[in-house]
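A.B. asks: My structure is below; once you've seen it, I'll send some questions.
Coordinate-derived values only; no laboratory data. What you see is a predicted model; the values in this text were computed from it and never measured. Note that each Cβ is placed from the backbone with ideal geometry, even for glycine, and that neighbours are counted across all protein chains shown.
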Amino acid sequence: MAGKKVVRKVNKRNPNLRLVKSDTKGKVQGEQKEQKLRFGKKKRVAVLSAILCGFLTVFIGGYIYIMKNYTITTVYVEGNIHYTNEEIMEMVMDGPYGHNSIFLSMKYRDKEIKDIPFIETMDVAIEAKDTVRITVYEKAVAGYVTYLGRYMYFDNEGIVVETSEEGTPGIPQVTGLLFNHVILHEPLPVENQEVFQDILKITQLLDKYSLSVDKIYYDSDYQVTLIFGEVKVAMGASDDIDEKIMKLQYMLPELEGKSGTLNMKEYTEETKTISFESE
């Protein structure tokens with residue numbers, strides 16, 4: 001009876017014996033699984049690192065190529081009067097990548113440059129990988145008046161489009177007009193608003209014949225006098241102003257170095273009456 005009991009205690013079905021074998025097998029399988037996970041993680045990191053290195057290599061190579069081959073060396077600027085070519089280029093090609101044609105193409109694609117004094121807008125066109133053309137559309141400034149120490153620039157409708165502390169070469173000063181206030185973006189409050197059309201016409205004609213006037217003076221009857229240095233040209237009313245200025249282009253060189261008044265008030269294609277009074 002006692003022997004039979006001993007055999008039962010060492011029977012393979014002993015729960016403790018099965019438990020020991022089960023724990024050992026589970027640990028081995030867990031270690032193998034963990035090793036596989038670590039290997040898979042390292043493999044993914046290695047793949048991602050290789051992809052990242054490849055991307056950086058392509059990016060750096062592309063960056064160097066673009067910076068080397070798309071640098072602007074030729075710039076065309078047209079339409080500017082108030083600003084020099086260099087000033088226009090500084091406005092458009094600013095920033096660390098301002099001389100890169102791809103950067104400028106993206107920056108100014110379907111975009112106009114506005115909010116610059118005296119300029120309506122500017123267009124930037126990339127004509128080649130190293131060439132850009134900047135077209136400037138300036139505001140139609142007819143002249144300027146001085147008021148409270150500032151220069152007030154107005155267009156052909158008399159609307160004050162800009163104010164500045166400095167005069168601009170090529171834009172004449174208009175004197176003699178009477179007004180008691182000036183408001184930006186509103187017309188100068190003068191009695192005869194049609195005078196601004198005459199001023200624009202005069203400045204365009206002077207520009208056409210390459211005549212640089214210093215001042216345009218209007219008296220109380222809106223009779224106009226053009227002032228070129230020491231020479232005053234009394235034009236009178238705006239009648240026949242085209243013929244008078246066309247004739248003037250041939251007479252001014254003869255008056256160089258002189259001081260006086262050239263009277264063209266009665267000049268017409270028929271009368272051709274002109275007189276000069278020295279001072």
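A.B. asks: Which value, in Å to one decimal place, does the Kirkwood hydrodynamic radius take for region 141-278 when every pair of different Cα atoms is included?
C.D. replies: Across region 141-278, the inverse of the average 1/r is 15.4 Å.
A.B. asks: Right, next: Among Met235, Met106, Met91, Met152, rank each residue by its count of other Cβ atoms within 10 Å, from fewest to most, as a rough exposure measure.
C.D. replies: Numbers: Met235 24, Met106 12, Met91 16, Met152 21.
Going from least to most buried by this count: Met106, Met91, Met152, Met235.
A.B. asks: Determine which aspartates and glutamates satisfy two conditions relative to Lys272: a Cα distance under 16 Å, and not lying fewer than 8 residues away in the same chain.
C.D. replies: Those aspartates and glutamates meeting the cut-off are Asp239, Asp240, Asp242, Glu243.
A.B. asks: If we count other beta carbons within 10 Å of each Cβ, what is the order of Ser105, Ser49, fewest first?
C.D. replies: Placing the least packed residue first, the sequence is Ser49, Ser105.
A.B. asks: Quick one: which of 255-264, 270-279 comes out on top by average Cβ neighbours within 10 Å, and what's the full order, highest first? Please report the intermediate quantities before stating the final value.
C.D. replies: On the way: 255-264: 15.6, 270-279: 10.8.
Order by mean packing, descending: 255-264, 270-279.
A.B. asks: Right, here's the next one. How long are the semi-axes of the equivalent ellipsoid of region 74-138, defined as square roots of 5 times the Cα gyration tensor eigenvalues? Whole Å, largest first.
C.D. replies: 18, 12, 11
A.B. asks: A follow-up question, please. Can you put Val231, Val47, Val136, Val75 in order, fewest other beta carbons within 10 Å first?
C.D. replies: With the sparsest Cβ surroundings first, the list reads Val47, Val75, Val231, Val136.
A.B. asks: Spin-label point model (7 Å from Cα, Cβ direction): what's the Glu270 to Asn192 distance in nm?
C.D. replies: 2.3
A.B. asks: Quick one: work out Rg over Rh on the C-alpha atoms of region 213-279, Rh as Kirkwood radius.
C.D. replies: Reported Rg/Rh (Cα atoms, Kirkwood Rh): 0.93.
A.B. asks: Next up: Here is the link list: Lys208/Lys265; Lys114/Lys215; Lys215/Lys265; Lys215/Lys244. Which ones come out longer than 26 Å on Cα distance?
C.D. replies: Exceeds cut-off: Lys114/Lys215.
A.B. asks: Name the long-range amide H neighbours of Ala142: under 5 Å, sequence gap of 5 or more, or other chain; modelled H, no Pro or chain starts.
C.D. replies: Amide H to amide H, under 5 Å and 5 or more residues apart or across chains, Ala142 pairs with Phe154, Asp155, Asn156.
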